[in-house]
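The values are calculated or read from the model by the stated rules, or taken from the named source; none is laboratory data. All values reported here derive from a predicted model rather than from experimental measurement. Ideal geometry is used to build each Cβ from the backbone, glycine not excepted, and the neighbour counts take in all protein chains shown. Heads up: the accessible areas ignore ligands, DNA and RNA and are worked out on the full protein's heavy atoms, side chains in. Shrake-Rupley method; radii C 1.70, N 1.55, O 1.52, S 1.80 Å.
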Amino acid sequence: MLHTRTTPAQRRRAFREQLASGRLLRLPGAINPLSARLIQDLGFEAAYLSGAVLAADLGLPDIGLATVTEIAQRAQQTTRATDLPVLIDADTGFGEPMNAARTVQLLEDAGLAGLHLEDQVNPKRCGHLDGKTVTSREEMVRRVRAAVDARRDPDFLLMARTDARSVEGLGAAIDRAKAYVDAGADAVFPEALADLSEYEAFRTAVDVPLLANLTEFGRTPLLDTRTLTELGYNLALYPVTLLRLAMGAVEDGLRTLAAEGTQESLLPRMQTRSRLYELLGYREYAAFDSAVFDFTLPPGT
């Protein structure tokens, strides 16, 4: 009610313990605070905030236009709504290494369990598009070190993402990942791996938790959780899945409304009023103050 029952420190500790457990953690990308609560309600281990989704929510492409303060504000709204650990996409750190340091502290303050920084240059772009440019290895190492130095809670997870696979090749991506771990990264996000053999090569070479990015319509095969577990990966990320589902449903609904002049045929596809109120916790608010929930829902709503 109004807030989570856990503190950011508790969620960060829980996230670390989950990563150390050897189980594969599934992270759907939330599209708003209410969807983060639904992710929790349906039994997932953690939630994610995608830079692409946060930008799209503002009507912007994923090219680094959203600012760190906008991202932090949205993150804080989300962490207020769920007791799950939340990992966030911090792009390139929003500038130079000093900016990356400030980003870490802003996102710590927003209640997140961790973030990932990538080795692209600005303006960045989706990791599954052509035309990416990566920084020098040395520049990214400075970003990682700045992030490590700025971190105040040692349980706050700092993950390094490398986009080098599609630019410099698999070997260079692995070498970069090792350098980022040496600089203090707790985990690695190898972007846009092409097949199982590349997943295996990364797991063999890098001895920290690894994330598999299972974004749709990209370069990476949509591996199932059993396969990822067998490969030894620690996190399965579904960054834009919920946004794509939601926007597809919204577009279909608008077309139907325009064509039929009524939403009647859409009712079976809608979340009911009673389910929405359940997620929002109306009854819990009523237990606190009966004046806020003193009505009965009609049947079937």
Nothing charged except the Cβ atoms of Lys and Arg (+1) and of Asp and Glu (-1): what's the magnitude of the dipole of the chain about its Cα centre? Round to the nearest 20 debye. 360
So how tilted is helix 97-109 from the main axis of the chain? Cα-based, degrees 0 to 90, rounded to 10. 30
Charge dipole (debye, nearest 20) of the stretch 3-155; +1 at Cβ of Lys and Arg, -1 at Cβ of Asp and Glu: 340
How large is ³J(HN,Hα), in whole Hz, for each residue of the stretch 268-278 in order, when computed from phi with the Karplus curve 6.51 cos²θ - 1.76 cosθ + 1.60 and θ = phi - 60°, using x for Gly and Pro? x, 8, 8, 5, 6, 4, 5, 5, 4, 5, 5
Per residue of the stretch 39-50, in order, report the coupling 6.51 cos²θ - 1.76 cosθ + 1.60 (Karplus, θ = phi - 60°) as ³J(HN,Hα) in whole Hz, putting x for Gly and Pro. 4, 5, 4, 8, x, 6, 7, 7, 10, 9, 10, 7
Taking the Cβ of THR229 as the centre, find all other residues whose Cβ is under 12 Å away and add up their charges (Lys, Arg: +1; Asp, Glu: -1). +2
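Hey, what number do you get for the chain at 222 nm if only DSSP H runs of n ≥ 4 count, each worth -39500 (n - 2.57), divided across all residues, to the nearest 500?
Details: 13 runs with 137 residues, N = 301.
Helix contribution divided over all residues of the chain: -13500 deg cm²/dmol.
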Judged on accessible area alone, 1.4 Å probe, highest first, ASP224, ASP207 line up as ASP207, ASP224
Counting only residues 5 or more places away or on other chains, whose amide H sits under 5 Å from the amide H of ARG26 once H atoms are built in the peptide plane? GLU45, ALA46, ALA236
Check which residues have an amide H placed less than 5 Å from THR135's amide H, if you skip close sequence neighbours. GLN120, VAL121
Skipping prolines and chain starts, which residues have an amide H placed within reach, meaning under 5 Å, of the one on THR162, given they are 5 or more residues away or on another chain? PHE189, GLU191
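Roughly how large, in nm² to one decimal, is the mean projection of the convex hull of the alpha-carbon atoms in the stretch 1-153?
Numbers: hull surface 36.9 nm².
Convex hull of Cα atoms, orientation-averaged projection: 9.2 nm².
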Note, ³J(HN,Hα) from phi for the stretch 211-216, Karplus 6.51, -1.76, 1.60, rounded to Hz, x at Gly and Pro: 10, 9, 8, 9, 6, 6
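Which value, in Å to one decimal place, does the Kirkwood hydrodynamic radius take for the chain when every pair of different Cα atoms is included?
20.3
As a test, work out the antiparallel percent of DSSP beta bridges whose residues both lie in the stretch 45-160, rounded to the nearest 5.
10
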